[in-house]
1. Using a basic spin-label model with each label point 7 Å from the Cα along Cα→Cβ, how many nm lie between residue A:33 and residue A:94?
2. Want the number for residue A:52 to residue A:245: 0.36 nm per residue separation, take away the alpha-carbon distance, what's left?
3. Report, by chain and number, residues whose modeled amide H sits under 5 Å from the one on residue A:253, excluding near sequence neighbours (fewer than 5 apart, same chain).
4. Which whole DSSP H helices in chain B pass both tests: a Cα extent of 18 Å or more along the axis and a mean Kyte-Doolittle value no lower than 0.0?
5. Using the crude model of +1 on Lys and Arg Cβ and -1 on Asp and Glu Cβ, and no other charge, please compute the dipole size for the range A:17-114 relative to its Cα centre, in debye to 20.
6. Of the candidates B:18, B:57, B:180, which one comes out as most mobile in a Gaussian network treatment of chain B with C-alpha springs shorter than 10 Å?
7. Take the eigenvalues of the Cα gyration tensor for chain C, scale each by 5, and report the square roots as semi-axes in whole Å, largest first.
8. Just want to confirm a number: the relative contact order over chain B, from Cα pairs under 8 angstrom separated by 6+ residues, in percent.
Amino acid sequence: MQTNRWKGETYGVPYSGGAWGLLYYNADHFEEVGLDSENPLDAVKTWPDFMDTARQLKDVATPVGMLGTTEALPAQWSGFYFTSGAESWLNGDKTKSILDQDKGVATAKLYKDLVDEGLTPKGTANTNGSDVAELMGSGEISMYQVGSWQAAYFDQNYPDFNYGITYCPRMKGGRSSAMAGGWNQVINKQSENKEGARKLLAHLSSKEAHTSLIPAPAGRKDATEEFFNGFTDGLGREVGDIVIDQYENSAPRPVHPSYPGMSTEFQKQMQRLIIGEATPKEAMTKTSEEINSLL
Amino acid sequence: MSMDASTAYESRSIKVLRYAIIAVALLAVMLPILWILVSSLKPSDEIFQIPPQYIPREVTLEHYNALFADTLFVRYIINSVIVATLTTISSVTLAVFAGYGWGKYTFTGAKTSSLFILMSQLFPAVVVIIPLFEMLKWLSLLNSHAGLILAYMLLTLPVTTWMLKGFFENIPDNILRAARIDGLSEFQIFREIALPLVLPGIASTAIYCFVLAWQEFILALTFLQDGAKYTLPVGLMGFIEQNQIEWGLLLAGSFVTVLPAAVTFMFLQRYFIRSLAGSGTKG
Amino acid sequence: MPISTKILTYKNDLFVSTRERVGNLELNAGALFVLPVLLLMTAIIIYPLGRTIWLSFHRVAGFTNEWIGLSNYMQVLTADWFFPILQQTAIWTGVTVAGQTLLGLVLALLLNTKFRGRAFVRGLMLLPWVTPGIVVAMIWSWMYHPRLGIINRILLDLGLIQDSIAWLAEPNFALYAVILAGIWKGFPFAMVMILAGLQDINPRLYLAAKIDGAPWYARFYHITLPGLAPVLKVVVLLSVIWTFNFFTLVLVLTGGGPAGASDILPHKVYTVSFAQFKFGLGAALAVILFLIMLVWMAVYAYMLRKQGGEL
């Protein structure tokens, strides 16, 4: 609901939520380099661990799929960012961006290090979610941080793919978290059939509707818990609790009418970072400048 | 066929060279389309094989089946045909009158107004989307093919008018003057004399207009909300979501979009080219 | 020539029918013929045009519009992305049109002879043109893929490159990758127009030249090219207008990236308006785009007039 409020007014009602912050990994690849595919947490718990594992996996396949463009980039990035303990891109009173401080810069540096060491696929600057998913499913990539809906896609299109799900690697000293996003329902002010729309909204907000109609994790907390009860990954492990744990700790991207402008600048600076035109500090500073001008 | 005179004297080796180059050129140009065809016949997991395979190990029609059975694809094709055809009919009809007027008459503001029409083509479609959206809403024509056709007229009229103006300009004035002397009214002259003379021109203008309407995407995407009303380009986009692309369907769909045009053009290109030749589209 | 004399001359030379004098206006049936189109276009165009210009002077936030005068224009002209985008737009338009025209010319010359299956080949060659822009973009984006793309596969097999290249993610290649797709999509138009134009060149000229012993390149330079001049002028004019405004390929292939390396003006208008929702700024950018086009038209018309041609 937090994402629906602006200046004290509620504008919408959550329809489906999602947390972007699960690490999918290729169990077969893990086995090949001698890692425990059933208990992967030690291998990827913190960012340094994550990088080490990636280096090990380099011989088997391209270790990590990171995104470089579209709205998915800020989503994935924020998944990593919020594990640092930060609550938002903005400071407490939402007057300034804090991305140019340590935590933001460190997250950007994570991307840069992965790219510089050749641990990501070629062309990351132009990679979107669909590409990485396909590469992951066909065994080209070993690890990918994304949301819970990806599991269904793998199950359906790559039934032989042995993937596991675990927590998103967290910054050293950080916590388990993710980026919260999702779809909300609003009634257009100018809509003609407000009564009918209101009724539909009420119905769609009920628990039954949320458990039965919505394909992705539902907006209502109680429905979400039910949905993830028994949620298994490709290895048959029950990982529903991981999802819910991360979901509870998750935070959203900035809730602001000018967010799209922020996102565009963010993507641009991250691309500059990836192609080597900017350092993490520079990229985050520039992004913060733009965000501040939009606030 | 101007160059044909010279080919009779072409040596054998030059002929062979010419054909070889044509073959290579054809292959290069068709490569993308051949590639979608080949890819659309592969089963889903083979599509994403690294490295990509030139020849499918297994040929399957599953995507085409899914395309026609599970999606509204057939509906999209019908919609596209309807919209493109009606756009062409209305645009060309209006343009025929206007082209004749600008091509064959002088009146105050003739040059200015014809330039105005031509210049309206310069404005990027992106920018007129929102005002057009508002206008259509005001006319209650949103989410309807009629509204889209109206918008497409905006897109096509400048070109169709200009093309037909060129074709009309090529009619010798004497013929028309003679008809006037014979006492025919302006409209009769237009209908009986001028029109028949530009029939090939009308044909090529119509083809051109149809192609423009057929592939238009942005306006259709913005103005149509009902899935059942989508035209082909919009429908194809439906296979692409933010994090997931239905490649099999997309590939099959793309090929199907291209195929009818290919067949049509193979038969019509002769007329298209012939009518453009010796007519008014030059300078 | 003063206008009055012009009309008198027209009276004798051009087909002009009964006139009615309404004040100082010359009206005749011609005006009636063009009226429907003129009215329709004016109606449909005036509002969007006017509204865009109006918007360009405002800052749009949600439902409120705030007058800020030339502020949007200043913002555009001083933005650090403006000049690179102008440059890239010029490269995009120039190289794509040149490529399309050249390829169209070569293919038209090749296909201008009788051979079996000519209709078939010509028909196939028209396909790129009738393929919707997004379909073209999807196909090429896939062909350019660093791992799954066929272009890399072919280049590797031919030994032309050692390692696959991420064409759309390299700042130095991205724009040119888009240009190649643009050339592929647009060349059939040039080809068809030139094919038509070739048929109008008098074959006797070639015969005479051959008898005089002129080699093929002399025949080409002195007969074919001048003969094609009118067609080429039209092709270039139209191609520039369309290519300049055509941003679908950039939208789908690179999104303007990486980091704006392949961004072009119309695409920027789109992202500013529909991704950042800064409609005022987008409108200002669109007006600037329009003005650039007007300048181009004026320059082009001037150059043509100097050579004795006409629009």
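None of the figures in this text is laboratory data; all of them are computed from the coordinates on show. Just so you know, these numbers come straight off a predicted model, no measurement behind them. As a convention, Cβ positions derive from the backbone with ideal geometry for all residues, glycine included, and neighbour counts pool all protein chains shown.
1. Taking the simple label geometry, residue A:33 and residue A:94 are separated by 4.2 nm.
2. Values: separation 193, 0.36 × 193 = 69.48 nm, distance 2.52 nm.
So the chain would gain 67.0 nm between residue A:52 and residue A:245.
3. Those qualifying (amide H under 5 Å, at least 5 residues apart or on another chain) are A:180.
4. Values: long enough: B:12-40 (40 Å, 1.80); B:73-104 (45 Å, 1.12); B:125-138 (19 Å, 1.84); B:145-169 (34 Å, 1.09); B:199-215 (24 Å, 1.31); B:247-276 (40 Å, 1.28).
Passing helices, by number: B:12-40, B:73-104, B:125-138, B:145-169, B:199-215, B:247-276.
5. Values: 8 positive and 15 negative charges, 111 e Å.
Dipole of the range A:17-114, to the nearest 20 debye: 540 debye.
6. B:18
7. On the way: eigenvalues 282, 266, 56 Å².
Semi-axes, largest first: 38, 36, 17 Å.
8. Working: 261 pairs, mean separation 82.9, N = 283.
The normalised contact order for chain B reaches 29 percent.
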